[in-house]
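The structure appears right after this line, and notes come after that.
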């Protein structure tokens, strides 16, 4: 598996390490990724490899077999992409929890400021609807997902709030 960026994590002994680039299941396990996520990725990867190896087999050699091969390949690659994304999301959330300080006072100042939801969306990637729900109280700030809280906190810090 190749990670899209570098992630920091704490080992079981509390040591600060990072993980990036091409990684093996043992590297992921050391970075506290659950066995379930690793297994899901490994199975999806193996399925893609198996289907690719069967391209010229009798089951896929006919015209209808080629169509089946294409659909199997697309489905397997979707599973692989989803498994890859879930591992990256886990590593990012873990990094934010361990090292990112989320300043909720600054988040509240940002949400109560005159800065438009559009401007916040443009700078954080969080949807205007989610920001609007936080601004008008439809959604509780204390219950927002960690990634959004971290993004809003970092944006508020960049504005000097």
Item checked: Yes/no for residue 90 being surrounded by 14 or more Cβ atoms within 10 Å (Cβ to Cβ) and under 29 Å from residue 155 (Cα atoms) -> yes
Note on the range 55-90: residues assigned to a loop (DSSP other than H, G, I, E, B) and without any contact (Cβ under 8 Å) to a residue 12 or more places away in the chain are 56, 57, 62
inquiry  = Going by what's in this entry, would residue 75 be described as within 22 Å of the chain's Cα centre (by Cα) and closer than 23 Å to residue 20 by Cα?
reply    = no
The residue from 18, 26, 52 that alone is exposed (fewer than 15 other Cβ atoms within 10 Å of the Cβ), in the same structural domain as residue 89 (by TED's automatic domain parsing) and not in a helix (DSSP H, G or I) is 18
When restricted to 93, 124, the only residue closer than 29 Å to residue 9 by Cβ, touching a residue at least 40 places away in the same chain (Cβ under 8 Å) and within 24 Å of the chain's Cα centre (by Cα) is 93
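The values are calculated or read from the model by the stated rules, or taken from the named source; none is laboratory data. Just so it is clear, the structure is predicted and the values come from calculations on it, not from any experiment. Methodologically, a virtual Cβ is constructed for each residue, glycine included, from the backbone with ideal geometry; neighbour enumeration extends over all protein chains shown.
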